[in-house]
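Below: the structure, in structure tokens.
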Amino acid sequence: MSVAVPVPEASRGSFREMWLITLGHSLTHWYPATFYLLLPIIGKELGLSYSQIGLIMTCQYIAGAVANIPGGVLVDTVGRKGVLMAVSLFWVGFPYLLMGFTHSYLMLLGCVALVGFGNSLWHPTAIPTLARRFPGRMGLVLSLHGMGGNVGDAIAPIVVGALLAVLSWREVVILNVVPGLAIALLLFVYLGTLRLGGKEREASGDGRTQSLAEYFRGVPELFRNRGLILLSTSSAFRAMTQNALLTFLPVFLAYELGYSPLWVGACMFALQAAGFAASPVAGHLSDRMGRKSVMMTSMAMTAVVLVFMALAGKSLAFVLFIAVLGFFLYAIRPVMQAWLLETTPKNMGGTSIGVLFGAQALGSSISPLLGGLIADQFGLVATFYFLAGTIVVANLFILFMPRTEVAKA
């Protein structure tokens with residue numbers, strides 16, 4: 001039997017918490033965005049092939065795929081969400097500091113794997129927390145959280161591109177750890193008591209806590225959920241598109257177009273700034289018009305723009321298409337997250353998001369290596385045709401999603 005439990009309107013304090021969580025989210029994206037800009041420089045310094053560059057990101061996302069589901073279990077049973085978010089942010093930033101002291105390709109792979117483990121804790125913790133606090137405006141609130149990621153993705157290339165004009169990449173990664181440590185400390189201080197039990201739980205609106213035995217009794221039902229399977233599979237193919245693009249777009253701009261690190265950073269800023277603008281629009285429209293129509297439209301337009309980019313080759317039009325691509329590619333992230341939480345049991349929110357991001361990490365781990373192999377064999381432009389194909393496949397899975405699928409409370 002499903003029982004509807006009214007959730008009180010969020011207090012002013014909850015909005016402060018939302019913006020702090022959003023700021024933390026921006027830092028979890030800041031570090032990978034920094035690394036994408038550094039990849040062409042590291043690749044030249046270590047004499048790496050395209051496939052070796054792709055393998056770096058593959059290792060990071062394989063680690064994330066392995067760790068996402070255990071991270072979701074931890075969130076749904078242990079609680080202490082503020083502590084988990086602080087630990088996650090620290091764990092994402094610190095391995096990049098270690099990279100500044102390594103000259104070994106294998107050590108580099110080990111560091112990016114640690115980043116993947118750290119990132120696996122953030123989304124299963126933050127997204128269900130925000131969704132439970134703002135149930136009537138879930139799409140909009142998750143889009144604001146997503147905008148935090150876009151801000152980190154957008155600003156990092158500009159800042160780091162400018163720093164690389166005067167500092168070495170090793171000096172940049174050492175300096176870069178400071179903002180992450182500062183925000184992790186703020187999360188620990190202000191949200192460290194946020195847990196899944198007692199008065200603190202009640203005030204935060206996170207829902208009831210549960211034992212491990214209760215949790216594992218609910219796992220079979222979760223994995224029989226049609227929405228979870230279809231959305232996670234679609235998300236895996238969409239992540240293939242996104243991560244291979246983020247890996248090889250800076251390489252294309254640096255190697256094929258001869259852009260400096262500053263101009264590469266500016267192009268990546270355009271990609272993310274467009275996503276920043278699209279996210280709240282898509283979130284709000286999905287709250288009003290439905291998740292399915294917004295997602296299918298955005299994915300279809302992503303495929304079209306990728307084909308035009310491949311046809312544009314080395315022309316100026318290629319750069320202009322980057323911003324258009326960012327608008328459609330990033331618009332659907334909060335929509336997919338909101339849709340998933342609406343179709344899965346509420347007491348399994350952390351695990352549901354863990355499965356979603358685990359699937360995304362799996363897709364993200366495959367595509368950079370495949371993209372690198374395609375680029376080595378046929379050239380970098382061929383990789384963009386491959387990415388257009390992956391986003392089309394992602395859209396096909398959305399076709400089979402029902403318009404409404406109500407989860408148990």
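The values are calculated or read from the model by the stated rules, or taken from the named source; none is laboratory data. Predicted model only: the values in this text are computed from it and were never measured. Virtual Cβ from ideal backbone geometry, glycine too; neighbours counted across all protein chains shown. The accessibility values were calculated without ligands, DNA or RNA, using every heavy atom of the protein model including side chains. Shrake-Rupley method; radii C 1.70, N 1.55, O 1.52, S 1.80 Å.
Structure notes:
- Whole-number accessible area per residue in Å² for the chain, which is evaluated in the context of all protein chains at 1.4 Å: 39 Å²
- Relative to the dominant Cα principal axis of the chain, helix 105-133 is inclined by about 40°.
- Computed over the chain: relative contact order in percent, which uses C-alpha pairs under 8 Å that are six or more apart: 29 percent
- The range 54-186 - Rg (one decimal) and Dmax (whole number), Cα, Å: 16.1, 50
- Only protein atoms count toward the accessible area here, which uses a 1.4 Å probe; on the range 271-409, the carbon and sulfur part of that area reaches 74 percent.
- Couplings 3J(HN,Hα) for the range 150-161, derived from phi with the Karplus relation 6.51 cos²θ - 1.76 cosθ + 1.60 (θ = phi - 60°), are 4, 4, x, 5, 7, 6, 4, x, 5, 5, 5, x Hz, where x marks Gly and Pro.
- Cleavage-rule hits (chymotrypsin sites (Phe, Trp or Tyr not before Pro)) in the range 54-146: DSSP loop, at most 16 neighbouring Cβ within 10 angstrom: Phe101
- Lysine-lysine proximity count for the chain, Cα under 26 Å, sequence distance 8 or more or distinct chains: 9
- For the range 338-344, 3J(HN,Hα) per residue [Karplus equation, 6.51 cos²θ - 1.76 cosθ + 1.60, θ = phi - 60°, Hz, x = Gly/Pro]: 5, 4, 4, 5, 6, 9, 10
- Kirkwood Rh (inverse of mean 1/r, distinct Cα pairs), the range 271-409, angstrom: 16.2 Å
- Reciprocal mean inverse distance between Cα atoms of the range 27-70 - Kirkwood radius, Å: 11.5 Å
- The string of couplings for the range 345-359 from the Karplus curve (6.51, -1.76, 1.60, θ = phi - 60°) is x, 5, 7, 10, x, x, 5, 4, 5, x, 5, 4, 6, x, 5 Hz, one whole number per residue in order, with x for Gly and Pro.
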